[in-house]
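Okay, structure first, notes after.
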Amino acid sequence: MTRCNVLLAAWLIAPGALATPLSFDTYLSAVESHSLELQAQQQGVVSARAGIGMAGLRPDPEFTLGAARETVHALPHRPVTWTPALSMAIETGGKRAARIKAAHSNVVLAEETVAGFRNDLYAAAAAAFTEACRTRDVVARKEQTMAALSKVVEANGVRLKAGDVGGIELLQSRVERDQFQAELAQARSEADSAMLELSPPLGRQLDSLFPQAQLACDFAAYAGSDKDASVLVPQALNARSDVRIARAALDNLRDGAALVRANRAVDPTVTVGLSAARGYRDGIDGNGDAVDGAPRSRALSVSLAIPIPLSRRDNGDVVQAEAGVTQAMLALRQAELAAETQVRTAQRQSRSAQERLARYRDGVLLDAQKVVDGMRLSYFNGNASLLEWLAAQRSADDAYQGYLQACADAAIASTQLQLAIGQRPSL
């Protein structure tokens with residue numbers, strides 16, 4: 001069989017074996033591109049941008065048309081006098097410029113809000129990816145233990161025939177194997193559920209984008225955890241979404257307060273009118289008296305209406321706007337303090353998680369595996385009991401489960417630190 005035939009046969013037997021591993025960065029890019037929730041949030045930016053054009057609109061002119069006709073007894077109807085007029089309010093106080101500025105700051109606020117939602121989406125995607133990796137590795141470990149228990153059952157069957165062990169010991173090993181098989185089934189179910197949880201952030205099923213995806217779970221520690229907090233905190237204050245949202249909200253409320261003050265200016269209304277009267281000839285009324293005619297005439301009129309701002313004596317709208325600005329300033333300060341605290345906390349948690357992971361990797365796992373290997377050999381040589389070997393196997397499994405949880409905790413802590421300083425996470 002040629003090499004190409006061997007590769008083809010392997011592909012047909014195990015189509016997922018040659019699949020490219022799905023890295024977290026690839027998955028996160030797909031989440032950014034396909035998330036339905038993120039697309040819905042981005043519509044807020046579209047709406048805010050449309051508000052800029054609306055803010056630049058000037059007041060619409062108003063057209064009025066009047067008609068009048070003089071009616072005199074015993075005379076023919078007089079001609080109709082038409083009075084068309086065009087009026088328009090003239091904005092003063094910089095209202096239009098204030099509206100446009102407030103609309104621009106509203107766009108910035110909408111964009112920062114979307115960025116904040118994107119960071120929340122990052123956190124959810126990282127948690128789902130990490131949990132999928134952890135549960136997958138849990139299944140792999142339990143399958144190894146299941147294989148070891150099956151070998152013990154087979155060995156005990158042979159040893160029973162040889163008279164080395166009794167029937168009770170064989171039954172005990174079978175009970176342990178069957179109980180563990182139920183745990184393995186539960187672990188597989190949890191792993192399948194964790195893989196399904198990767199779909200909601202994507203906005204579609206994972207298989208539709210990544211058929212037979214094999215997760216790449218080789219997580220690396222974030223190098224920034226070793227930096228001093230005095231370096232990370234300024235970075236967080238400039239890049240964190242919640243701080244940027246608070247700043248954008250403050251700017252937007254300041255522009256809103258300026259618009260409120262601009263709206264207090266009085267807008268005069270200018271009206272330009274035309275009165276067009278058709279003339280009529282001399283005549284005689286019913287009593288025989290002469291009636292003088294009137295010539296055709298047109299009259300142009302211009303009027304200016306200025307409202308009397310008695311309602312401006314109340315400053316409640318200005319007080320409310322300024323109170324909102326003060327609240328936004330306090331919220332910004334609170335966000336900055338919270339950001340600094342979260343950066344320091346996330347940095348310490350990341351370091352602690354890495355230390356815990358190193359302790360498992362460099363000490364606990366090696367020692368636990370040595371114990372279970374030695375106890376298995378002693379059991380097969382007749383120097384240890386089945387219960388002693390089972391206890392060692394459970395201890396080693398618990399240690400490995402703790403190691404996998406430490407890996408997941410370290411990955412989550414790394415993600416939280418990167419998000420705390422306003423950085424797109426990587427694992």
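The values are calculated or read from the model by the stated rules, or taken from the named source; none is laboratory data. All values reported here derive from a predicted model rather than from experimental measurement. Glycine gets a Cβ as well: all are built from the backbone with ideal geometry, and neighbour counts include every protein chain shown. Note: accessible area is taken over every heavy atom of the protein model, side chains too, but ligands, DNA and RNA are not part of it. Shrake-Rupley method; radii C 1.70, N 1.55, O 1.52, S 1.80 Å.
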Checklist entry - By DSSP, what percent of the beta bridges with both residues in the chain are antiparallel, rounded to the nearest 5? => result 95 percent
Checklist entry - log10 I(q)/I(0), Debye, Cα-only the range 29-88, no solvent, q = 0.14, 0.15, 0.18, 0.22 Å⁻¹? => result -0.69, -0.72, -0.82, -0.93
Checklist entry - By how many degrees, 0 to 90 and rounded to 10, does the Cα axis of helix 167-196 deviate from the longest principal axis of the chain? => result 20 degrees
Item to check | Between helix 241-263 and the chain: long-axis angle, C-alpha atoms, 0 to 90°, nearest 10 | outcome: 10 degrees
Item to check | Net lengthening on full extension, A147/L171 (0.36 nm per residue, minus Cα-Cα) | outcome: 6.9 nm
Checklist entry - For the chain, which whole percent of the accessible surface, found with a 1.4 angstrom probe, sits on carbon and sulfur atoms? => result 55 percent
Item to check | C-alpha long axis of helix 3-13 to longest principal axis of the chain, angle in ° | outcome: 70 degrees
Next on the checklist: Taking 0.36 nm per residue of sequence separation and subtracting the Cα-Cα distance, how much length would be gained by fully extending the chain between D362 and I308, in nm to one decimal?
Outcome noted: 11.1 nm
Item to check | Approximate spin-label separation D267-Q39, in nm, with each point projected 7 Å along Cα-to-Cβ | outcome: 3.9 nm
Checklist entry - Length gain on complete extension for the stretch D192 to T64, per 0.36 nm per residue less the alpha carbon to alpha carbon distance? => result 38.9 nm
Next on the checklist: With mean projected area of the Cα convex hull in nm² as the read-out, I listed (1) 42.1; (2) 22.0; (3) 20.9; which label goes with the value calculated from this structure?
Outcome noted: (1)
Checklist outcome for this item: Over the chain, the sum of -39500 (n - 2.57) across DSSP H runs of at least four, divided by residue number and rounded to 500 deg cm²/dmol, gives at 222 nm -23000 deg cm²/dmol
Item to check | the range 61-124: GluC sites (Glu not before Pro) falling in loop per DSSP and having at most 14 other Cβ within 10 Å | outcome: E70
Item to check | Accessible area per residue in Å² at 1.4 Å probe, computed on the range 41-154 | outcome: 54 Å²
Next on the checklist: For V272, V31, give me the order by solvent-accessible area with a 1.4 Å probe, most accessible first, ignoring ligands, DNA and RNA.
Outcome noted: V272, V31
Item to check | Projected label distance in nm at T20 and Q214, using a 7 Å step from Cα toward the beta-carbon | outcome: 1.4 nm
Checklist outcome for this item: Of the candidates L57, A305, V260, the farthest towards the positive dipole end of the chain (Lys/Arg Cβ +1, Asp/Glu Cβ -1, centred on the Cα centre) is A305
Item to check | Projected-area average for the range 53-136 over all orientations - Cα convex hull basis, square nanometres | outcome: 12.1 nm²
Next on the checklist: Among L365, L250, L237, which one shows the highest mean-square fluctuation when the chain is modelled as a Gaussian network with alpha-carbon springs under 10 Å?
Outcome noted: L365
Checklist entry - Between S426 and L387, what FRET efficiency follows from the Cβ-Cβ distance if R0 is 35 Å, with the result rounded to 0.05? => result 0.15
Checklist entry - To the nearest whole percent, what portion of all C-alpha pairs in the range 311-382 is separated by more than 22 angstrom? => result 64 percent
